[in-house]
């Protein structure tokens, strides 16, 4: 095994000890180049110690490990990562890359309201009716439109208020997610 590969695996293991799925990773913008194409961004992770109201929060700056794990260069001045590109939220990009490196092979769903996976915002238990019903606001009934002219107002037998159960099944919380959304992002 090459030295770089060994350093990368050690950095990933160290980061997994500090950062768990569902945690919020904060970023700080230190510098933007005059062209706007390069930024120096620091990663900050809160570490909560203690229990029952006696907890303290300390912040760690795992930028060296993030640089090794994700392949970023470190800035010559300061502790930040050199991130190239523009046209999007580059702090989110760093956290997404970090999330994918740490938990891209899969992480257990954290449950309703806790899991950051995009599955939960994209998958619904009910979907729009595939029969293309149209709501008649005056009669509060469903209307089927034919090729020529509208038929008499009738209720759609397939749906309830324009929605049917999702054919892919209801939203589930027993999944292993394989996406880059294991971590949440916020700017400081």
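For residues that are touching a helix residue (DSSP H, G or I) at 6+ places or on another chain (Cβ under 8 Å) and in a loop (DSSP other than H, G, I, E, B), scanning just the range 72-108, find the one that is modelled with the lowest pLDDT. Across the range 72-108, the extreme among qualifying residues is 79.
With the condition kept exactly as written, say whether any residue in the range 54-65 is in a loop (DSSP other than H, G, I, E, B), on the phi > 0 side of the Ramachandran plot and assigned by TED's automatic domain parsing to the domain that holds residue 181. No - not one qualifying residue is present in the range 54-65.
State yes or no: is residue 36 part of a loop (DSSP other than H, G, I, E, B), out of contact with any strand residue (DSSP E or B) (no Cβ under 8 Å at 6 or more places or on another chain) and closer than 18 Å to residue 187 by Cβ? Here the answer is yes, as residue 36 does meet what is asked.
Residue under question is residue 113, and the condition is that it be farther than 30 Å from residue 35 by Cα and either modelled with pLDDT of 90 or more or surrounded by fewer than 12 Cβ atoms within 10 Å (Cβ to Cβ) (or both); does it hold?
Yes; evaluated as a whole, the condition is true for this residue.
When residue 182 is tested against the conditions (1) modelled with pLDDT of 90 or more; (2) surrounded by 15 or more Cβ atoms within 10 Å (Cβ to Cβ); (3) farther than 20 Å from residue 93 by Cα, the lone failure is (3). If the Cβ limit is 9 Å and pairs must be 6+ apart or interchain, which residue in the range 100-127 that is without any contact (Cβ under 8 Å) to a residue 40 or more places away in the chain pairs with which residue that is surrounded by 14 or more Cβ atoms within 10 Å (Cβ to Cβ)? Note: pairs meeting the criteria are 113/120.
The values are calculated or read from the model by the stated rules, or taken from the named source; none is laboratory data. Just so it is clear, the structure is predicted and the values come from calculations on it, not from any experiment. Glycine gets a Cβ as well: all are built from the backbone with ideal geometry, and neighbour counts include every protein chain shown.
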